[in-house]
Amino acid sequence: MVTSRTTGRRRFSLVGVALAVVALVAVSVPSASAQAPEGTGDPEIVGGVPVGSAGDFPYQVALVLRTVASPADGQFCGGTLISPDTVLTAAHCMFLPASAIDVVSGVRDLAVDPGQRAHVRQVRLHPGYDASTNEADLAILQLASPLAATPIEVAAPAQAGVWPPGTTATITGWGDLTGNASFSSIMHVAQVPLVSDADCADAYGPGAIVAESMLCAGQLGVGGVDTCQGDSGGPIVVDNGGSPLQIGITSFGFGCGLPDFPGVYTQVDGFFEPFIKRFLDPDDPPDRVRRPSARVVPGAVRIQWRPPFFDGGTPITGYKVRILPGGRVFELGPRARSLDVVLAPGRTHTVKLRARNAVGLSVPKTRFVTVPRR
């Protein structure tokens, strides 16, 4: 774990990860003497046992470096499959672009099992994520191809009563086994009791725990069972009538398995709507385009925009620009971000922009532009 609540569970010590992010770590992570990141070692769960098979926890996935062939050498965080092409993880794990990350599922032993591997095509951080406080520490990974494993159900607000303090929860991952750089390539599992918000706040001090968006688990006064370095982004799960229900995401903590400091998890039910739910299947038309503008430039009007925040669950295939009066329509490709068009002077024109995916068109965004007389 960490020596301060501001860094969270991270795993940067693998050679491949270190080479990829050495410059970023130098500017974004506090000095080791003050705040050692949770990822200062290779990959497990403190006080846990090896899982029997990957099929015992099919929803658990490993986040790995795309350029590293072996998951055992490239794994840096965990996550959960919440739909065939969607993974839920911790925002603090996202220190690399989507193009550098793969997701591996169906793996017990990272060094042996081939599993199923998929590229990450989009990373969506929760817009409220604050790295300095660990609030809203969650992110969605949209995959380029679906995975065959069974997704897990994510807790919604109406299910909050399923996990009162004292409830036994399950934690899994490929993190540090002891808190002292003792690692294994095999997924481990452990059970921990949930801790009340009041007890957790007492442990971490004023302002450290946001009760509405964080939950805590561990054996207060005893210790010995916890998530640790390398478990970030993985799940904490409770039984819901015989089915697993994910109630949290491994986020941060002080030390690993210490008696006085439970592990802290992002509580997902408060983020289910509208953030998590919108990424679940079935796919939808995309959100509206962002930051549209229309301005006069020499000889033309320049129309510009940014892609939607959410593509609907399937890639953007193009953009449609309609100009009124006249009804001219321009169909553009998925990488288009601007259009220069000649419009009649001395009048105001209406520009309607829409994004398109395989499901359909977004709601239009409208801008008005007045072209001066020559």
Checklist entry - more than 26 Å from Ile101 (Cβ to Cβ) and not hydroxyl-bearing (Ser, Thr, Tyr): does that describe Val238? => result yes
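Just to verify a result, which residue in the range 78-107, among those that are assigned to a loop (DSSP other than H, G, I, E, B) and over 21 Å from Ala148 (Cβ atoms), is nearest to the chain's Cα centre (by Cα)? So that I can check it myself, show each step before the final result.
Residues of the range 78-107 assigned to a loop (DSSP other than H, G, I, E, B): 84-85, 90, 94-97, 106-107.
Filter once more, so that each one left must be over 21 Å from Ala148 (Cβ atoms): 90, 94-97.
Details: Ala90: 5, Met94: 7, Phe95: 11, Leu96: 12, Pro97: 12 Å.
Of everything passing the filter in the range 78-107, Ala90 is nearest to the chain's Cα centre (by Cα).
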Checklist outcome for this item: Considering the range 108-156, residues that are under 17 Å from the mean Cα position of the chain (by Cα) and basic (Lys, Arg), and then whichever is surrounded by the most Cβ atoms within 10 Å (Cβ to Cβ), we arrive at Arg124
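Condition test on Ala149, is it in a strand (DSSP E or B) and small (Gly, Ala, Ser)?
Values: in a strand (DSSP E or B): no; small (Gly, Ala, Ser): yes.
For Ala149, the condition - in a strand (DSSP E or B) and small (Gly, Ala, Ser) - is not met.
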Next on the checklist: Show me the strands (runs of 3 or more DSSP E) entirely contained within the range 171-274 in which 1 or more residues are of a type in the set (Asp, Glu) and assigned by TED's automatic domain parsing to the domain that holds Phe76.
Outcome noted: 235-240
Next on the checklist: So, in the range 313-330, exactly how many residues are surrounded by 11 or more Cβ atoms within 10 Å (Cβ to Cβ) and assigned to a strand (DSSP E or B)?
Outcome noted: 9
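Hey, among the residues in the range 255-272 that are under 22 Å from the mean Cα position of the chain (by Cα) and of a type outside the set (Gly, Ala, Ser), which one's farthest from His126 (Cα to Cα)?
Val264
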Checklist entry - Among all residue pairs at least 6 apart or on different chains, which show Cβ distances below 6 Å where the first residue, located in the range 53-79, is aromatic (Phe, Trp, Tyr) and modelled with pLDDT of 95 or more and the second is crowded, with 17+ Cβ neighbours inside 10 Å and assigned to a strand (DSSP E or B)? => result Phe57/Thr172; Tyr59/Thr80; Tyr59/Leu81
Next on the checklist: Which condition from (1) closer than 29 Å to Ser213 by Cα; (2) in a strand (DSSP E or B) is the one that Phe310 breaks?
Outcome noted: (2)
Checklist entry - Which pairs have Cβ atoms under 7 Å, sit 6 or more apart or on different chains, and link a residue in the range 97-121 that is at positive phi to one that is assigned to a strand (DSSP E or B)? => result Gly106/Gln116; Gly115/Val104; Gly115/Ser105
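The values are calculated or read from the model by the stated rules, or taken from the named source; none is laboratory data. Everything quoted here is computed from the prediction, not taken from an experiment. We place every Cβ from the backbone using ideal geometry, glycine too, and count neighbours over all the protein chains shown.
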